[in-house]
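Asker: This is the structure I want to talk about, given as structure tokens.
The values are calculated or read from the model by the stated rules, or taken from the named source; none is laboratory data. No experiment lies behind these values; they were computed from the predicted model shown. Ideal geometry is used to build each Cβ from the backbone, glycine not excepted, and the neighbour counts take in all protein chains shown. For the accessible areas, the whole protein counts, side chains as well, though only heavy atoms, and no ligand, DNA or RNA atoms are used. Shrake-Rupley method; radii C 1.70, N 1.55, O 1.52, S 1.80 Å.
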Amino acid sequence: MTLSAEKLWFIPALPLAAAAVGALMPRSGRAIAAGAAIAAMLAAFLVSCVALSTALADPAAKLVHNFAWFDLGTSALRLGWLLDPLTAFMCVMVTFVGALIFIFSLGYMKADENFKQFFCFLSLFAAAMLGLLVANSLLLLFICWELVGLASYLLIGFWFHKPSAAAAAKKAFITTRIGDLGLLLGMLWLYNSTGSLLFFDGGAGVLETAALGSLAAQFTAGGLAVSTAIGLLIFCGAVGKSGQFPLHVWLPDAMEGPTPVSALIHAATMVAAGVFLIARVYPLMSADQVLAHVPLHALTVVAFIGAITALMGACIAVAQNDIKRVLAFSTVSQLGYMMLALGVGSWVAAIFHLLTHAFFKALLFLGAGSVIHSAHHEQDIRRLGGLRGPMKVTFATFAIGMMALSGVPFLFSGFWSKEAILHAAHGWEVSQLPFYAALIAVVLTAFYMTRLVAETFFGKARSDAAGHAHESPATMTIPLVILAVCAVLLSLLAWPSPWLQHQLDPSAHSEPDGISLMVLSIVLVALGLGSGWAIYGRKPRVSETSADPLATASPGLIAFLAAKLKFDELYAATFGRLNAASAAFANFLEVWLWGGIVTLLARLGEFTGLVNREADERTLNGGFNSVSEKVRGTGLAYSRAQTGDVHGYLRFIALGFVILVLLVVMGGAK
Amino acid sequence: MSPLQLCLVLSSLLFCIGLVAVLSRGNAILVLLGVELMLNAANINFIAFWRYGPHPDAGTGVIFVLFSIAAAAAEAAVGLALVIAIYRHQQNIRLQEATRLKG
Amino acid sequence: MNLLPWTIYVSFAGAFLALVVGARSATAARWVALATAVAGATLTFLAAREFVPGSSLQTLVDVPWIRELGVNYHLAVDGISLTLLVLTGLAATAGILFSWNIEERPGEFFALFLALIGGVYGVFLSADVFVLFVFYEIAIVPKYFLIAIWGSTNREYGAMKLVLYSFAGSALVLAGMLWAYAAGGAHGFGLAELSAAAVHIPHGTQLAIFALVFLGFAVLAGLFPFHTWAPTGHVAAPTAASMLLAGVVMKLGAYGCLRVAMPLFPEAFAYWQPVIAWLALAGILYAGFIALVQEDFKFVIGYSSVSHMGFVLLGLAAATPLALAGAVLQMFSHGVIAGLLFAVVGRMVYERTHTRRLAELRAMPLHRLLPFAAVVFVVAGLASLGLPGFSGFPAELSILIGAWQAKPLWAAVAALGIVVAGAFTLRVIQVSFFGSAGAHSAPPADSHPLPPITLAEKAGALLLLGATVYVGLKPDVLLDWIVPALQSPAFQAVIKGGHP
């Protein structure tokens, strides 16, 4: 069975239709909305599998279907679908993990009154992400990218009655939008340099040789190749969406959303989009590699940003006490790994890690969700503890996820993908610093994950909520089990042979594995696990107030890490202030300057009027007025006669009448 | 005395009664009554001079009087309306108090 | 095609009829007004179906009017005017639907409303600058009365400010036109005659005349720093009038710039181009920042209008084919979206809650009390911040691509404006409808259920929403008209002038 590229729109359209069904259902149609969402995801999964089989039939082929969106006379903006192994693998992963998260949400969100909207938004989120994956045009990718941002806004702020959730949603949207600004500008530049935004278009696409050659042959003011500049602008978008330093601040706050949303954001959809974007435009990012004498290569920046993020995320995760925040910073750190892999030239390793990470991070988040659900929304690991007994399935699956994330050797998929990245970083010619940063992050990752598991599941319950915890329902545990199995089985993609690598990038030649490097990384993981267990596992925390061993050792450092390196404060003090100041300044101008000018002009007019009136009254009207005053005075004097007394008037009339009569009579006498 | 003279005496008496009423009464309605009396005295004169005048067949006197009665009716209506308006304003119709229109 | 002039006549006839029947029955006035607006909109749709896109102005009527001056009553249409005519029809219909509840002197209200609409149709159809000016003035006068009689907050001030600005703008336009007529020795006011005559005007004079005419029109388009009439005017105006003000009246200014000022003096335009572009950019950012700190719901929307009109002006200033097409598309898009936002704020919220203070709205569980209004506002807000799927996205995208072609820095600064737009729109969405109070707790004791959203309001909202989504998904419907129109020699001269 094969799937042609024209039909590829089925994959995003299915969840989109489910979202429409959810939106149109009345509030009571909970079952239908949820059922439609899950059915659509499963159907999309099946279509994705067909797409995968089609793509794997000829991994080097790029199946495309392009069409015009709107015509602008001489040029047209065109969109299209693209099917290649990268798209197909990502689609399979997103639909599979997505479907499991949807099923998990059935149980998790059961009591929520906005259950129906939740599934509607989830479907929209998945649809946007899938649209992004099948896009063969940077424009279509950007459109879906924005819709992913919108859906994440709606979902993170789903419990909008919590001010922190509303703020987190806004922060996520605005922060990623700052990154999108770069992507948008990169897109504009790309369009105006090449006249197209299609990735592959029979030789005329922007990721094909002709366009790349011309982009790398032009230079901007600073001596950068145009392709480098465009690549860096596009990378800004990825930095925002994938939570890379320095725009990572929204990702931990995004924990305010319901836990399935966190799982979706951290595993399958939103943050994966940034890594996917760079992998997709990798030919563009690496176009400047052929140039020896440029001040900067785009991928160098990517590698260093990735290394910084990996190290920073791991450090901060050590000092967090919220179960979801630990996982959130571990996501930041793992995304740093992926970016590092992209930067050092191994986009295949990055995608491999993206796929494995999606499974075990979804597993970990859903496991955390299961813990939170049964512990009455207690998220602080200092108040949990001892959950190993009552929540056996959750514990077992969480432990598998933790080992996969830590990179416990051989059995777990995370080990292989991380190994591929370390290997690539080690072989990078530009600098070994990212490699060392990644090694330190390996130790820290194993350490904080051990701490998380020890604090949450070992020892004894340190609060009533944890004490009364019980295993979650089957709708929640079954996805956990499936994901756990996958976290293990995905090792097969890389071992015994690097199969995935060949499928994704048939041109790449596989290098022999560095055994020494693998040994080194195993030692480091063991070091992390061992020290974590030594500090947190052997002597479990007694009560929620007892001090953290690390905090007693170095209170200042841990407090600084716990405060997330004060990035929020830094941004609030700089950009936040700048923004507020600009707004206040603009408002000031509006009220006092422009408003003032208008008022001034009005006052000026009024003043002129006053002057004119004075002149009029004093000089021109003066003569006329004095005459009329006199007339008026005379009138006043005469009006005294009008007493208002009717009888008085009548008497006068009668008197006049008598006089008239007398006159007539006397006249008659003459 | 001739019939004409009798009529004139009657009308003079009526006129004087009306005049006294107009001049002496404070109640606006009574003043109005006085005015009507004076008017009717004049009407009697009209009829008398017509009936005993040189052209008793012409019908002019009756027509005149009819017009005069119609005018009186209209005038009475206006007068009463004024009275009511005054009443509205000062809650009585004593003319001594209706002095608002003084200059 | 000869249907289009009837939009003007039908509107004026409807205005007269509404005045006559309005004295007896408010209901009759409403139905007359609605029938007139729908008739106008239907005429534009029917004409649009028959319209054959082309690069020239297609003459509809051309009869001599004032022979001594060479003024002809000349109406003509091309893709650009057709787009705006369709917008006018939509905005008028929706405006009537949203003023269904006017109880105070409904006859006069609808009469003035329809007279304004008639003037707007006239402006968009005029091919003679004198006729255009006459219709332009006809459109300005009813605005004053609509605001001063039926307005709210500070209405005399708002109305007076608006009218003073408008008349000052018209005065500049008139002066510029007469100067061009005299200096070029033209024999008429037709666009073609004037532009033929403009060639003979010395360059320095051209610069001055262009500045007068462009500024005169741009005042009405909300060009920074001559925009201050817009927010106060919008706030003071009754809902339907704010919808028209933001929806079509501001477009009159932009249309005048595009139709009259720029084609007549392409060289002068090239000289002033950077100034206009930077003023437009300043307006985008400046108004966006102000919207961020406003405490009055309607002021936020008012300033967002100025910010979005900045994109139109930027598109005009960039003057590449893409940017001009985007500018016209943005005129349409902003007309629809701003109308929708004002309808929600003014009609659905303010007339029910009697407050526009965000601090007070925050305390009301408005998304529960008015769920329909909340959904419409969220969707309209998302459309306004340029999300794909709505008409604002292709419009702003075309403007940005075009601006980049002219000067990449312009596009970069304008894109920054999009982030600011995101910030203030989300803020106002959250504060107004999804305030923290009362989502899961019971509504406050003093909150009584608000009157439900009426059918007329729903119909109006759905009409505008449908328009923005349809154009957002298929911008071709409008661009197929607009793009050929830009091929005309007049606009090609503008494009060449901007990019020698």
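Asker: Any idea what the relative contact order of chain C is, in percent, if you count C-alpha pairs under 8 Å spaced at least 6 apart?
Answerer: 17
Asker: Radius of gyration and Dmax for region A:187-238's Cα atoms, expressed in Å?
Answerer: 10.6, 33
Asker: At a Förster radius of 35 Å, what calculated FRET efficiency corresponds to the Cβ-Cβ distance of residue C:458 and residue C:56, to the nearest 0.05?
Answerer: Here the calculated transfer efficiency is 0.25.
Asker: Keeping all protein chains in place and using 1.4 angstrom, which order do C:468, C:232 fall into by accessible surface area, from largest down?
Answerer: Greatest to least solvent exposure: C:232, C:468.
Asker: Give the separation of the Cα centroids, region A:380-456 to region C:387-438, in Å.
Answerer: 40
Asker: Checking buried surface per residue: for region A:40-82, which residues lose a minimum of 50 Å² accessible area in the protein assembly relative to the chain alone (1.4 Å probe)?
Answerer: So the qualifying set is A:69, A:70, A:72.
Asker: Would you mind getting me the FRET efficiency between residue A:410 and residue A:572? Use the beta-carbon distance for r and R0 = 51 Å, nearest 0.05.
Answerer: The pair residue A:410/residue A:572 has a calculated efficiency of 0.65.
Asker: Let me ask something else. At 1.4 Å probe radius, can you tell me the per residue accessible area of region C:97-147 in Å²?
Answerer: I get 23 Å² per residue for this part.
Asker: Based on Cα coordinates alone, diagonalise the gyration tensor for region C:152-212, multiply each eigenvalue by 5, take square roots, and list the semi-axes in whole Å, largest first.
Answerer: Semi-axes, largest first: 33, 12, 7 Å.
Asker: Just to verify a number: what accessible area does residue C:465 come out at with the full protein assembly present, 1.4 Å probe, Å² rounded to tens?
Answerer: About 30 Å², ignoring ligands and nucleic acids.
Asker: At 1.4 Å probe size, put B:64, C:491, C:167 in order of accessible surface, largest to smallest.
Answerer: B:64, C:167, C:491
Asker: With point charges of +1 on the Cβ of Lys and Arg and -1 on the Cβ of Asp and Glu, referenced to the Cα centre of chain C, which listed residue (C:369, C:414, C:97) lies farthest in the positive direction of the dipole?
Answerer: C:369
Asker: Checking the cross-link filter: which lysines have an alpha carbon closer than 23 Å to that of residue A:564, excluding same-chain neighbours under 8 positions apart?
Answerer: Partners found: A:162, A:170, A:171, A:241, A:324, A:361.
Asker: Just want to confirm a number: the relative contact order over region B:3-97, from Cα pairs under 8 angstrom separated by 6+ residues, in percent.
Answerer: This gives 30 percent for region B:3-97.
Asker: Could I have the simple spin-label model distance between residue B:88 and residue A:488, label points 7 Å from Cα toward Cβ, reported in nm to one decimal?
Answerer: Between residue B:88 and residue A:488, the simple spin-label model gives 10.2 nm.
Asker: Shifting gears a bit: Using only protein heavy atoms and a 1.4 Å probe, report how much of residue C:62 is accessible, in Å² to the nearest 10.
Answerer: 80
Asker: List the relative contact order of chain A as a percent without decimals, with contacts defined as Cα pairs under 8 Å and 6+ residues apart.
Answerer: 11
Asker: Treating only the Cα positions of region A:36-131 as identical point scatterers, give the base-10 log of I(q)/I(0) from the Debye formula at each q in 0.12, 0.21, 0.22, 0.24 Å⁻¹.
Answerer: Calculated log10 I(q)/I(0) at the listed q: -0.51, -0.99, -1.04, -1.13.
Asker: Ok, one more. Would you mind computing Rg(Cα) / (2.2 N^0.38 Å) for the protein assembly as shown, counting N as its residues?
Answerer: My calculation over the Cα atoms of the protein assembly as shown gives 1.26.
Asker: While we're looking at this one, here's another question. Looking at region C:1-111, what % of the alpha carbon pairs are farther apart than 25 Å?
Answerer: Roughly 34 percent, once rounded to a whole number.
Asker: Here is a follow-up. What fraction of the DSSP beta bridges in chain C is antiparallel, stated in percent and rounded to the nearest 5?
Answerer: Antiparallel bridges: around 100 percent, rounded to the nearest 5.
Asker: Next up: As an exercise, identify the trypsin sites (Lys or Arg not before Pro) in region C:290-395 lying in DSSP coil whose Cβ has no more than 15 other Cβ atoms within 10 Å.
Answerer: In loop regions of region C:290-395 (DSSP not H, G, I, E or B), there are no sparsely surrounded trypsin sites (Lys or Arg not before Pro).
Asker: Further question: Once the Cβ-Cβ distance between residue A:68 and residue A:523 is put in as r, and R0 is 56 Å, what FRET efficiency do you end up with, to the nearest 0.05?
Answerer: 0.45
Asker: Give me the Kirkwood hydrodynamic radius of region A:129-264, using the inverse of the mean 1/r over all pairs of distinct Cα atoms, in Å to one decimal.
Answerer: Computed over Cα pairs of region A:129-264, the Kirkwood hydrodynamic radius comes out at 16.0 Å.
Asker: Separate question: With every protein chain left in place, what is the accessible area of residue C:65 in Å² (1.4 Å probe, nearest 10)?
Answerer: Taking all protein chains as shown, residue C:65 has close to 130 Å².
Asker: With every atom except the alpha carbons ignored, what do you get for Rg and Dmax of region A:281-355, in angstroms?
Answerer: Answer for region A:281-355, Rg first and Dmax second: 14.4, 48 Å.
Asker: What aspartates and glutamates sit close enough to residue A:418 to cross-link, taking a C-alpha to C-alpha distance under 20 Å and skipping anything fewer than 8 places away on the same chain?
Answerer: Hits, sequence-local ones excluded: A:429, A:505, A:511, A:513.
Asker: At 7 Å along the Cα-to-beta-carbon direction for both residue A:608 and residue B:6, put a label point, then send me their distance in nm to one decimal.
Answerer: Rounded to a tenth, the inter-label distance reads 8.9 nm.
Asker: Still on this structure, please answer the following. Taking the alpha-carbon distance from residue C:496 and a cut-off under 27 Å, which lysines remain once sequence neighbours fewer than 8 residues away in the same chain are dropped?
Answerer: Counting by Cα, and skipping residues close in sequence, residue C:496 has these lysines nearby: C:251, C:407.
Asker: Please give the residues from region C:275-295 for which the solvent-accessible area of heavy atoms, probe 1.4 Å, is smaller by at least 10 Å² with all protein chains in place than with the chain isolated.
Answerer: Those are C:286, C:289, C:290, C:292, C:293, C:294, which lose 10 Å² or more relative to the chain on its own.
Asker: In whole Å, how far is the Cα centre of region C:327-349 from that of region A:621-646?
Answerer: That distance is 63 Å.
Asker: Between residue B:42 and residue A:57, with labels modelled 7 Å along Cα→Cβ, what's the label distance in nm to one decimal, could you check?
Answerer: Calculated label separation equals 12.2 nm.
Asker: For chain C, how big is Rg over Rh, using alpha carbon atoms and the Kirkwood form of Rh?
Answerer: Reported Rg/Rh (Cα atoms, Kirkwood Rh): 0.96.
Asker: When the convex hull of the C-alpha atoms of region B:1-43 is computed, what volume per residue in Å³ does it have?
Answerer: Enclosed volume per residue, from the Cα hull, is 41 Å³.
Asker: How much of the accessible area of chain A, in percent, comes from carbon and sulfur atoms when a 1.4 Å probe is used?
Answerer: About 70 percent, which is the carbon plus sulfur part of the accessible surface.
Asker: If eta is 1.306 mPa s and T is 10 °C, what Stokes-Einstein diffusion coefficient results for region B:3-97, Kirkwood Rh from Cα pairs, in µm²/s?
Answerer: 108
Asker: Next up: Could you tell me the total accessible area buried at the B-A interface, probe 1.4 Å, in square angstrom to the nearest hundred?
Answerer: Chains B and A together bury approximately 900 Å².
Asker: Accessible area per residue of chain A at 1.4 Å probe, in Å²?
Answerer: Working: 26060 Å² over 670 residues.
With all protein chains present, chain A gives 39 Å² per residue.
Asker: Separate question: Once the convex hull of the alpha carbons of chain A is built, what does its volume come to per residue, in cubic angstrom?
Answerer: Cα convex hull per residue, to the nearest whole number: 329 Å³.
Asker: Tell me the per residue accessible area of region B:3-97 using a 1.4 Å probe; a whole number in Å² is fine.
Answerer: On a per-residue basis, region B:3-97 sits at 63 Å².
Asker: Still on this structure, I have one more. Which order do A:7, A:418 take when ranked by solvent-accessible area (1.4 Å probe, heavy atoms of all protein chains), largest first?
Answerer: Putting A:7, A:418 in descending order of accessible area: A:7, A:418.
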